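What follows is a single structure, written as structure tokens, with notes after it.
Every number in this text was worked out from the coordinates using simple rules, so none of it is lab data. Every value quoted in this text rests on a predicted model; they were computed, and no experiment measured them.
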Amino acid sequence: MRREPGPAGSRATGRGRILLVDDDRDLLSSLQDLLQPEGYEVATASEAQGARQAAERFRPDVVLLDVKLGTANGIDLIPELKRGRPDLACVVLSAFAGPEHAVRAFRNGADDCLRKPIDPADLMRTLSRCRQHQRLERET
């Protein structure tokens, strides 16, 4: 993981906590540079085991994860990340996003799918939608 997260349950005064999971470290750095100035607290992981550990310690509001994580598949990781955290939003990122990936992702609990290269405006809209949905769920 790229940065050491705060204690579980702590919340920044910003827009929420985002866990970025991708084996492309340049993309992780670019996304972190995009999200932090927007008020998001960001942690990163470059493989599945690191994602599991980061999700447990960092307690993100949203996970952005790649389909291909070395030998692991990010889509298969979604149910595990959401276990005990049904409000956790998961957004799948992929350069290979075909309909079969999207169907599998949604069946496994993904909230959205974004195609790489990621358009910053699309990403910000997606995060805003995820966070709004979480707020509405908490109110009901």
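Contour minus end-to-end for residue 129 and residue 100, with contour as 0.36 nm per residue of separation and end-to-end as the Cα-Cα distance?
Answer, rounded to one decimal: 8.1 nm.
Using the Kyte-Doolittle scale, find the helices of the chain whose mean hydropathy is at least 0.0 and whose Cα atoms extend 18 Å or more along the helix's long axis, counting only whole DSSP H runs.
none
Calculate log10 I(q)/I(0) of region 35-102 for q = 0.22, 0.27 Å⁻¹, where I(q) comes from the Debye formula with a single equal point scatterer on each Cα and nothing for solvent.
At q = 0.22, 0.27 Å⁻¹ the computed log10 ratios are -1.00, -1.33.
Given (i) 16.6; (ii) 17.9; (iii) 14.8, which label gives Kirkwood radius over Cα pairs in Å as computed from the coordinates?
Given (i) 16.6; (ii) 17.9; (iii) 14.8, the structure-derived one carries the label (iii).
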